[in-house]
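Nothing in this text is a laboratory measurement; each read-out follows from the coordinates by a stated rule. Just so it is clear, the model here is predicted, and its values are computed rather than measured. No Cβ is skipped: glycine too gets one built from the backbone with ideal geometry, and neighbour counts run over all protein chains shown.
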Amino acid sequence: MASEQTFSPLPPWQRSDYCGAIRATDEGREVALWGWVGARRDHGGLIFIDLRDREGIVQIVFNPERANEAHRIAGEARSEYYIAVKGTVVRRSPATINAELPTGEIEIAATEARILNPSAPPPFPLTGDPAAEDVRLRYRYLDLRRPEMQRNIRRRHLAVRGAREHLDSLGFVEIETPILWRATPEGARDYLVPSRVNPGRFYALPQSPQLLKQILMVGGFDRYYQIARCFRDEDLRANRQPEFSQIDIEMTGPRIEDIMTMGEGMIASMYRRAIGVELELPFLRMPWSEAMDRFGSDKPDMRFGLELRNLTEAFAGTGLRVLADALSRGESIYGLAIPAEYQLSRRELDEMVEWLKARNGLGLAWVKAAPDGWQGPIARHLDETARTRLTEAASLVGGETILISAGPPSKVRPALGDIRLQLGNRFGLRDKSVMRFLWVRDFPLFDYSDEEKRLVSVNHPFTAPNPEDLDRLDSDPTGVRALAYDMVLNGEELGGGSIRIHNSELQLRVFEKLGIPRDEARNKFGFLLDALGFGAPPHGGIAFGVERIVMLLCGTDSIRDVMAFPKTQKAVDLMSGAPSEVGTDQLRDLAIRVTS
Ligand code: ASP
């Protein structure tokens with residue numbers, strides 16, 4: 001350790017440049033740098049240090065004959081020591097040029113050096129493959145120094161800036177809404193915050209600023225946005241976090257097309273700013289019913305085909321018992337034809353059958369339309385007519401393996417949709433360098449929940465029904481389309497929104513459909529219903545997931561890689577230990593007793 005150095009909170013000299021920003025054109029300049037010691041090579045006489053800061057690394061060479069004291073200090077420096085160096089930019093000899101580094105043509109011949117702060121030995125190397133994630137999260141400050149994390153977080157900054165620039169250019173106003181507020185239904189549990197001054201009462205952290213942004217339209221702001229922190233207490237799935245950021249947007253009087261044009265322009269601006277990529281606009285638009293029918297998903301991955309086929313008609317009058325039974329129950333038959341170039345082994349097919357059965361009890365049959373005769377468990381049940389009809393319905397050219405399943409469309413299409421994605425992975429069709437954006441629109445307004453035995457909102461209860469379907473609100477509620485839309489990229493939802501209900505009477509009717517009687521609705525959402533009653537303009541909006549977008553833009557698989565301080569699957573911050581226990585005094589102040 002540099003024990004003889006006196007500690008000073010101030011650096012010995014100002015920095016003239018960032019390490020990673022020095023180029024061959026700087027040759028001959030005197031520079032003053034600060035940075036962390038990365039690789040250090042002691043060649044007996046000369047010592048080389050890779051000095052790193054946010055812009056990258058530069059090689060410093062310490063020559064004992066030219067700068068004896070600096071050389072001595074370099075000898076003491078270890079990994080992750082923070083040091084200050086002065087020196088001259090010199091060109092490297094041709095043999096030692098490092099073409100992989102932007103600074104690789106030059107090095108700094110040190111004249112002076114100081115250790116500003118030593119470092120404990122880092123628990124993992126900061127270069128090469130990343131360490132196990134729990135160690136990275138525990139020592140997040142070290143992990144953040146890694147060039148990859150530096151790049152991701154900087155891209156996030158640029159992406160958000162791109163969004164702001166676009167929205168600003170369209171006259172949107174950035175407005176902050178409260179974090180301490182009341183529950184807004186977005187389908188998750190709330191994080192509650194006790195109110196000390198109102199014992200027994202709780203704020204809820206917003207799952208989204210949904211109602212506040214609607215009220216801002218009533219309040220006359222016309223176009224609002226916010227980079228909004230949202231909180232959802234869910235059992236964490238792989239790529240979920242208890243808190244995350246949305247680019248939250250609302251506007252007065254939009255048609256669906258206006259929102260889509262604004263949204264894709266904003267995404268294009270984010271890509272341009274963050275990674276210099278120009279997206280092709282407009283994105284594809286697809287009705288929800290078509291997405292479900294062709295891809296078995298409301299967020300289809302459009303990078304590859306393998307589309308579902310509705311084979312219900314083709315199997316009418318079939319002699320195959322299971323399929324005939326399904327048809328007599330009014331169910332549908334869907335298939336997926338895997339072209340001959342993609343071969344699955346018998347074992348893989350069997351595993352797929354088992355997987356589907358375990359997933360939701362659906363059966364899966366398969367048949368191979370091999371040129372030398374059809375093969376597979378059901379081949380002998382398909383006579384010539386059946387084969388011709390199947391060939392037509394599934395547009396077979398020969399050699400395909402056809403997977404077939406029957407059931408209610410709400411079950412069978414998503415099941416085959418999942419198989420489609422598995423096949424996409426299996427055959428390497430989900431190329432990360434390809435980007436296929438689209439808008440999915442006209443979602444259903446309601447879904448029927450078997451669990452809760454009632455209608456639930458597909459989006460949220462404030463979404464407007466399509467006026468063309470209004471007359472079916474009572475007679476056929478699940479057939480009513482919503483004025484709702486999602487932006488999708490490569491099978492991931494990037495954002496979603498809707499045109500809202502701006503009439504309190506219609507809002508009350510929709511609440512009733514959802515099993516919320518009028519008095520309860522008044523109780524919970526009286527402020528919204530009141531606001532709608534004061535000349536609320538028609539309005540609609542959308543919210544985009546910042547982490548999801550930046551993750552895809554950075555080509556990483558985890559949203560944790562684009563968040564500075566993410567939590568684990570168990571919602572724990574490994575660095576600080578949050579959530580933590582609190583003292584009894586604090587609990588007493590809040591009138592709270594912990595019972596378990
Ligand atoms: N509040 C919605 C959400 O968080 C987005 C919207 O409808 O604008 O998903």
**OP:** Calculate the spin-label point distance for Arg41 paired with Leu284, positioning each point 7 Å from the Cα along the beta-carbon direction, and give it in nanometres.
**Re:** 5.0 nm
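Tally Lys/Arg at +1 and Asp/Glu at -1 over every other residue whose Cβ is under 13 Å from the Cβ of Ser410; what's the total? Write out the running numbers ahead of the final one.
Numbers: positive: Lys411, Arg413; negative: Asp293, Asp298, Glu331, Asp447, Asp450.
Local charge sum for Ser410: -3.
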**OP:** Considering only lysines 8 or more places apart in sequence, or on different chains, count the pairs in the chain whose C-alpha atoms sit under 18 Å apart.
**Re:** 7
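If you build the convex hull over the alpha carbons only and average its shadow over all orientations, what do you get for segment 60-104? Give it in nm² to one decimal.
Values: hull surface 16.7 nm².
One quarter of the hull surface, i.e. the mean projection, equals 4.2 nm².
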Subject >> Under the Karplus curve 6.51 cos²θ - 1.76 cosθ + 1.60, θ = phi - 60°, whole-Hz ³J(HN,Hα) for segment 444-459, x wherever Gly or Pro sits >> reply: x, 6, 10, 10, 9, 8, 4, 5, 8, 6, 7, 6, 10, 6, 6, 9
**OP:** Could I have the simple spin-label model distance between Arg15 and Tyr342, label points 7 Å from Cα toward Cβ, reported in nm to one decimal?
**Re:** 4.9 nm
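For Arg161 and Thr478 in the same chain, what is the full-extension length gain: residue separation times 0.36 nm, less their Cα-Cα distance, in nm? Spell out each step's value before the answer.
Numbers: separation 317, 0.36 × 317 = 114.12 nm, distance 3.99 nm.
My answer for the length gained is 110.1 nm.
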**OP:** Measure out, as a whole number of angstrom, how far apart the alpha-carbon centroids of segment 198-237 and segment 95-146 sit.
**Re:** 41 Å
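Check each of the GluC sites (Glu not before Pro) in segment 118-218 and keep only those in coil by DSSP with at most 14 other C-beta atoms within 10 angstrom; list them in order. Kindly include the intermediate steps, with their values, before the conclusion.
Details: sites: Glu133, Glu148, Glu165, Glu174, Glu176, Glu186; in loops: Glu176, Glu186.
Listed in order of number, the matching sites are Glu176.
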**OP:** Give the long-range amide H neighbours of Ala464: residues separated by 5 or more places, or on another chain, with amide H under 5 Å away, using H modelled in the peptide plane at 1.01 Å from N.
**Re:** Leu483, Ile499, Arg500, Ile501
Subject >> Solvent-free Debye scattering, log10 I(q)/I(0), computed from the Cα coordinates of the chain at q = 0.05, 0.06, 0.08, 0.11 Å⁻¹ >> reply: -0.33, -0.46, -0.77, -1.15
Subject >> Net charge over other residues, Cβ less than 11 angstrom from the Cβ of Lys513 (K, R count +1; D, E count -1) >> reply: 0
**OP:** Take every Cα-Cα distance within segment 1-129, group them into 5 Å bins from 0 onward, and report for each bin the whole-number percent of pairs it holds.
**Re:** 2, 11, 22, 26, 21, 12, 5, 1, 0
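Taking Rh as the Kirkwood radius, which is the inverse of the mean 1/r over Cα pairs, what is the Rg/Rh value for segment 106-259?
Values: Rg = 21.9 Å, Rh = 19.7 Å.
Dividing the radius of gyration by the Kirkwood radius yields 1.11.
How far, in nm, would the chain grow between Asp418 and Glu176 when pulled straight, counting 0.36 nm per residue and subtracting the alpha carbon separation?
Result: 83.2 nm gained on full extension.
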Original post:
What value, in deg cm²/dmol to 500, does the helix sum -39500 (n - 2.57) over DSSP H runs of n ≥ 4 give at 222 nm once divided by the residues of the chain?
Top reply: -9000 deg cm²/dmol
Subject >> At R0 = 25 Å, FRET efficiency that the Cβ-Cβ distance of Ala132 and Ser576 yields, to 0.05 >> reply: 0.85
Subject >> Label-point separation, Val193 to Phe427 (7 Å along Cα→Cβ), nm >> reply: 5.1 nm
